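Asks: This is the structure I have questions about; it appears just below.
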């Protein structure tokens with residue numbers, strides 16, 4: 001085999017390999033973002049609103065007051081880090097585990113990671129200061145002062161008196177999505 005033939009075959013094989021790799025990569029990239037991803041991020045995935053209420057330590061209509069940097073978690077070899085933020089809320093209407101007027105704080109992954117902006121949409125994304133939300137919360141397992149959102153099923157933003165689910169296509173979240181806030185709160189009693 002000549003040198004030219006060798007390099008021609010090598011180039012053809014490399015192009016075929018890259019084409020197949022690009023095709024699989026593009027297919028993976030085109031999948032819907034919410035497909036099968038919720039259970040990878042959260043401990044629990046609920047089958048109904050009643051189950052989610054029962055599993056929550058607090059269910060409340062809250063107003064976002066402020067967002068502050070939180071702790072930074074490091075990998076076991078200290079090469080990777082994950083920054084958290086603390087979102088402070090005032091309870092507008094406590095339904096379970098939180099009283100009206102009480103302050104509650106939710107810890108979540110920060111959108112600022114070591115000076116870079118990252119968008120984490122698995123829980124509904126950033127909270128808007130001044131915005132009103134219906135949240136289903138769990139207390140941190142270490143007994144600290146913070147809550148965490150049960151999952152994307154348990155977050156609703158109030159817009160023009162109606163609830164907008166973080167995951168409107170989820171059957172559980174869909175039970176409250178689009179309802180008036182007053183109607184949703186009556187359902188949760």
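Each value in this text was obtained by applying a stated rule to the coordinates, not by laboratory testing. Computed from a predicted structure; not experimentally measured. A quick note on method: Cβ atoms are made from the backbone with ideal geometry, for glycine too, and the neighbour counts reach across all protein chains shown.
Asks: Could you rank the peptides 93-103, 154-164 by their average count of other C-beta atoms within 10 Å per residue, with the highest value first?
Replies: Packing proxy ranking, top to bottom: 154-164, 93-103.
Asks: Could you work out the percent of alpha carbon pairs in region 49-103 separated by over 19 Å, rounded to a whole number?
Replies: Numbers: 754 of 1485 pairs.
Percent of Cα pairs beyond 19 Å in region 49-103: 51.
Asks: Provide the descending list of Cα extents for region 139-189 along its principal axes, expressed in whole angstroms.
Replies: On the principal axes, region 139-189 reaches 35, 22, 19 Å in Cα extent.
Asks: Once you keep just the Cα pairs under 8 angstrom separated by 6 or more residues, what percentage relative contact order results for region 43-188?
Replies: Values: 313 pairs, mean separation 32.3, N = 146.
Answer for region 43-188 is 22 percent.
Asks: Moving on. Sort 8, 181 so that the residue with the fewest other Cβ atoms within 10 Å of its own Cβ comes first and the one with the most comes last.
Replies: Values: 8 12, 181 20.
So the residues, fewest neighbours to most, are 8, 181.
Asks: Here is a follow-up. So what's the Cα pair-distance distribution over region 43-188, bin width 5 Å, in %?
Replies: 2, 10, 19, 23, 21, 13, 7, 3, 1, 0
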